[in-house]
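A quick write-up on the structure given underneath.
The values are calculated or read from the model by the stated rules, or taken from the named source; none is laboratory data. What you see is a predicted model, and the numbers here were worked out from it, not measured in a lab. Don't worry about glycine lacking a Cβ; one is built from the backbone with ideal geometry, like all the others, and counts go over all protein chains shown.
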Amino acid sequence: MGILEVKNVGKRFGGLQALGDVNLSVAENSVHAIIGPNGAGKSTLLNCLVGKLIPDTGSVMFDGQSVLGRKPFKINQMGISRVFQTPEIFGELSVLENMLIPCFAKRDGAFHLSAFKNMLDDKEIIDRAQHMLEEMKMADKHSMNAASLSRGDKRRLEIGMCLSQEPRLLLLDEPTAGMARADTNNTIDLLKQISDERDITIAIIEHDMHVVFSLAERITVLAQGTPLVEDTPDNIKGHPKVREAYLGETQDAA
Amino acid sequence: MLKLNKRDTLLFVIVTAMVLLAPFLLNPFPQGSSMAQMFNAGYPDLMQRFVIFGILVIGFNILFGLTGYLSFGHAAFLGIGSYAAVWMFKLLSMNIIPALILSMIIAGIFSLAIGYVSLRRSGIYFSILTLAFAQMSYNLAYSVLGNPSSSYNLTNGETGLQLALDDPRILDGAAAANGALPVTKLFGLAMRDSYNLNVGGWLFTFNVGYYVAGILMLISFYVSIRIFRSPFGMMLRAVKSNQQRMNYTGLNTKPYTLAAFVISGMYAGLAGGLLSSMDPLAGAERMHWTASGEIVIMAILGGVGTLIGPIVGAGFNEYFKNILSKINDGVLHQWLSFLPDGLENFIVGILHYFVGKGWHLTLGLLFMLVIIFLPGGLVEGGQRLAKMFKSKKTDDESDSNNTPAE
Amino acid sequence: MDQILLQILNGLDKGSAYALIALGLTLIFGTLGVVNFAHGALFMIGAFCAVTLQRILNISTITIDPTKTDFLGNPAKIKTPVVETWFGPEMGASIIDWSVPLAILFAIPIMAAVGFIMERGLIKHFYKRPHADQILVTFGLAIVLQEVIKAFYGANPIPTPAPEAFRGSFDFGTYLGYEANAIIYPYWRMVYFGFSAVIIAAVFAFLQFTTFGMVVRAGMADRETVGLLGINIDKRFTIMFAIAACVAGLAGVMYAPINSPNYHMGMDFLVLSFVVVVVGGMGSLPGAVLAGFMLGILEAFASMNQVKAIFPGIDQIIIYLVAIIIILTRPRGLMGRRGVMEE
């Protein structure tokens, strides 16, 4: 029984069957990658997990509880954090404030009317945020505007913000898309370190095979809205069906 | 001091000093001089408007400045507050305290209801929804609920809601013996009482109503500083910055925006109640959507999202409205009399459209210029000027903090 | 039955005005992505085009007729409009009489120029700014335009009559077999409705059947892709803005005889037109037209005495009530598309 159990999930947009019949089990404290060619339904599946979309059929259970029909912020409070393809951070706020917000959300919940507290008096939260910034090696940038960070730093900040909530499941949507090689390798190292040091499950959607094969413990291949195979990276590499449906295709495209 | 940091304390002290000393500051010219007629602004009526509109825009800024939700219907709450206060004067007592409390409560209830519906949508939809609600409130107040012959005449329509001798006024007892309408007061102090100080050629007026409103504005200002510096204020700025990230960080944006909407609605209610406290007459035109537009204009002129901007904007708008509407062709001729006659007439002929009754045009143009060139308002303009002077002194210090781009 | 017919007819002329303004708003919004708070001002400028032409046509030469005297005993001054001296008294008089329809020709170049200048001079610079800034700058422009008109034409409404031939009313009642005078409808309102229908049809035909229209529609659906195809979409959008300005202006020209133009008529119509756009669905042209007529007719029904007896004052708030209910039940409006102005 994995921490995330997806059973018979289907989603249709008008005439298009985006997800056919997806079954997926993500084991606790593992790194699980979902790969597939464009239009395979990866993003649709991810959106069904975080509450942005509601699947037409099937169930999604997280830690024994259904996530279906819950709003994104409720699902996040259950322990699922999401990292976006393009970093979603609070651009107009300082780096420290960016980190404070998830810390407040973790402690005070979805809404807390604290209109008369001075933010900077809250030592507990400030310490936590600063500690997280140090861990992300961004402590020296705490007073910068988040929008002025480099792409790689924005990604680090976003991952740090998610981690500061101590989620049980971290979902990453093509975390290295559009990144230079050096930034990509840094991100891989960061994610490796996170999965080694923490009790955390990581589910990652990725295009870049280099990223997938250096991180994942298990890989699910999605094609045309249905899972093709699920196996360890080594077996996936040699799997004829996968080569045909996916790897072959990317080689052609490249 | 007062649990504010150093800079905020300084700001608050400066504003406090300006509010308390306004009767001096606004009357720089001796009484009776031509400059005084034009530029002095130390009359109770005008000073009251400075601080009351200050409260209104401070509240509006908590919504628009922090969350970015542009309400085009805030005047509705101002009008609702005015009506509530006049009803309190009619029914209960001429003391302004119950009236102000009721104004804030009623405006709060209305803003809760209107905000709940309007905040289901964001962006332009939100602006249009608030506009529709405000215009509906205006129509209700102007005609539907203001028909003097009907049994539910809450607003007295076109004439406006005003005091009458036969109002019950439960706490105050019988009407004044001389048959005159009673005046609004804070316990023993009548709002319209003034103390005049003659110094040389100068006349300074210290009006009770102004100081009551001024102190309430200072309290409002203090509250707004605290909100800006609180975790709640940060969450509101986060709403403006990225709602998606809010949602995926386990935060429910709706109660945050609704709380901001209600708080700013209550500020508007307080301002409306104060307007009625200074002059117990409430009319529907206060709720018209052009009045809402004027609130937006004041906020933008001053500087949205800054602490001091709303006060600057409200003061600037009221002051220049006052001056511009006083200037007429005669004054212009007098000022430009040093020019050759033809040129003088030509310039006066052009300026004619921008002063006197044409002040709307001038403020409209100014408003456009500010949005186009100075989106941060006058406060940003001041900061830019300050920076220019600073950078002349220390030219090489810049660029040390910048990080390399990706 | 006759009452119902009458109210539907009564709703048509206001509904036409709403529909035309909302159509232009939607065109601008759909193509440029800008909410134009100055659109009501364009409607108002159109109405003042009619006023201006009427004044131009009435420019007169004054001659003194020594054979007649006025009541003070002085020789009478006789005003002769210049057009009468040019075209002869009869032709001249009828040109003056027909000044409002003639103002359509007069208004088209003016409105196109106003639209062009507005887009190139101001709105272009706001495409990349936040929506709030766009709303605010067009709001400021609306104030400025209306104050300029006020400075030149004064604050009072200026009566601008329709041609003599259309001043009467048509008795629909006898025509349809009801009693006489049950359904009386002024000719000019019928003209207005017909005119609006033609304009609306022309705009839709233009978008549907011309290459230009096709590109604009594609741009409304997906601006970036069309831009990538190497089509100069900006230039077309400028033209679209000018067209939308013309539509609003013509709606204003023809509305002048129904409601004497005043400087704040644009603002009055603007608020309701926004409501119409939201009810119809932001970005949907058929939605704007449908909602315009629907709300105009609803407003007419709400102002019936029988209805007002049950809900006093309902005519003042019906449009807003309907808008709020629709936003709550169908957040995208009647015919709104997914993803327009969301997030």
Problem - Filter pass, B:V296 being out of contact with any strand residue (DSSP E or B) (no Cβ under 6 Å at 6 or more places or on another chain), at pLDDT 90 or above and within 11 Å of another protein chain (Cβ to nearest Cβ) - result: yes
Problem - From the options B:Y138, B:Y125, residue that is within 12 Å of chain C (Cβ to nearest Cβ), surrounded by 12 or more Cβ atoms within 10 Å (Cβ to Cβ) and more than 19 Å from B:M287 (Cα to Cα) - result: B:Y125
Practice task
With a cut-off of at least 3 residues that are closer than 17 Å to B:S230 by Cβ, name the helices (runs of 4 or more DSSP H) lying wholly within region A:68-164.
Solution key: A:95-108, A:123-135
Practice task
Can you work out which of the residues in region A:161-177 that are of a type outside the set (A, V, I, L, M) and away from every other protein chain (no Cβ under 12 Å) is surrounded by the most Cβ atoms within 10 Å (Cβ to Cβ)?
Solution key: A:P175
Completion exercise
Filter region B:248-258 for residues that are at the interface with chain A (Cβ under 7 Å from one of its Cβ atoms) and either part of a helix (DSSP H, G or I) or in contact (Cβ under 8 Å) with a residue 24 or more places away in the chain (or both); the one that is surrounded by the fewest Cβ atoms within 10 Å (Cβ to Cβ) is B:P255
Handout entry: Selection status of C:L57, under 30 Å from C:Q134 (Cα atoms) and crowded, with 16+ Cβ neighbours inside 10 Å
Key = no
Exercise for the section: Tell me which residues, restricted to region A:90-99, are under 20 Å from the mean Cα position of the chain (by Cα) and facing another protein chain (nearest Cβ under 7 Å). Expected result: A:F90, A:G91
Handout entry: Flag if A:S195 is among the small types (G, A, S), without any contact (Cβ under 8 Å) to a residue 60 or more places away in the chain and in the same structural domain as A:A40 (by TED's automatic domain parsing)
Key = no
Practice task
Being in a strand (DSSP E or B), within 22 Å of the chain's Cα centre (by Cα) and of a type outside the set (V, I, T) narrows it down to one of B:F206, B:F221, B:F261, so name that one.
Solution key: B:F206
Exercise for the section: Working only within region C:123-147, note down all residues that are hydrophobic (A, V, I, L, M, F, W, C), at the interface with another protein chain (Cβ under 7 Å from one of its Cβ atoms) and farther than 20 Å from B:I128 by Cβ. Expected result: C:V144
Problem - Which listed residue is assigned to a helix (DSSP H, G or I), closer than 28 Å to C:V144 by Cα and at pLDDT below 85, from C:D315, C:D268 - result: C:D268
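This table checks each residue for (1) farther than 30 Å from C:A19 by Cα; (2) loosely packed, with under 14 Cβ neighbours inside 10 Å; (3) in contact (Cβ under 8 Å) with a residue 40 or more places away in the chain; (4) β-branched (V, I, T).
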position: C:G46; (1), (2), (3), (4): no, no, yes, no
position: C:A50; (1), (2), (3), (4): no, no, yes, no
position: C:T63; (1), (2), (3), (4): yes, yes, no, yes
position: C:L72; (1), (2), (3), (4): yes, yes, no, no
position: C:K77; (1), (2), (3), (4): yes, yes, no, no
position: C:T80; (1), (2), (3), (4): yes, yes, no, yes
Exercise for the section: Of the numbered conditions (1) crowded, with 21+ Cβ neighbours inside 10 Å; (2) in contact with an Asp or Glu (Cβ under 6 Å, 6 or more places away or on another chain); (3) not small (G, A, S), C:L12 fails exactly one; give the number of that condition. Expected result: (2)
Practice task
State which residue is farthest from the other protein chains (Cβ to nearest Cβ) when the search covers only region B:323-347 and only residues that are touching a Phe, Trp or Tyr at 6+ places or on another chain (Cβ under 9 Å) and buried (at least 16 other Cβ atoms within 10 Å of the Cβ).
Solution key: B:E344
Problem - Selection from region B:307-322 of residues that are crowded, with 18+ Cβ neighbours inside 10 Å and either among the aromatic types (F, W, Y) or assigned to a helix (DSSP H, G or I) (or both) - result: B:G309, B:P310, B:I311, B:V312, B:G313, B:A314, B:G315, B:F316, B:N317, B:E318, B:N322
Problem - Every residue from region B:332-382 that is acidic (D, E) and within 22 Å of the chain's Cα centre (by Cα) - result: B:E380
Practice task
Kindly list, by first and then second residue, each pair from a residue in region C:101-121 that is crowded, with 17+ Cβ neighbours inside 10 Å to a residue that is among the hydroxyl-bearing types (S, T, Y) and at pLDDT below 90, limited to pairs with Cβ atoms under 6 Å and residues at least 6 apart or on different chains.
Solution key: C:E119/C:T238
Practice task
For region A:53-73, indicate whether the set of residues that are facing chain B (nearest Cβ under 8 Å), more than 24 Å from A:E5 (Cα to Cα) and among the aromatic types (F, W, Y) is non-empty.
Solution key: no
Problem - Residue ID - surrounded by the most Cβ atoms within 10 Å (Cβ to Cβ), chosen from residues in region B:225-247 that are over 16 Å from A:E97 (Cα atoms) and of a type outside the set (V, I, T) - result: B:N247
Practice task
Output yes when any residue across region B:72-90 is out of contact with any Leu (no Cβ under 6 Å at 6 or more places or on another chain) and of a type in the set (S, T, N, Q), and no when none is.
Solution key: no
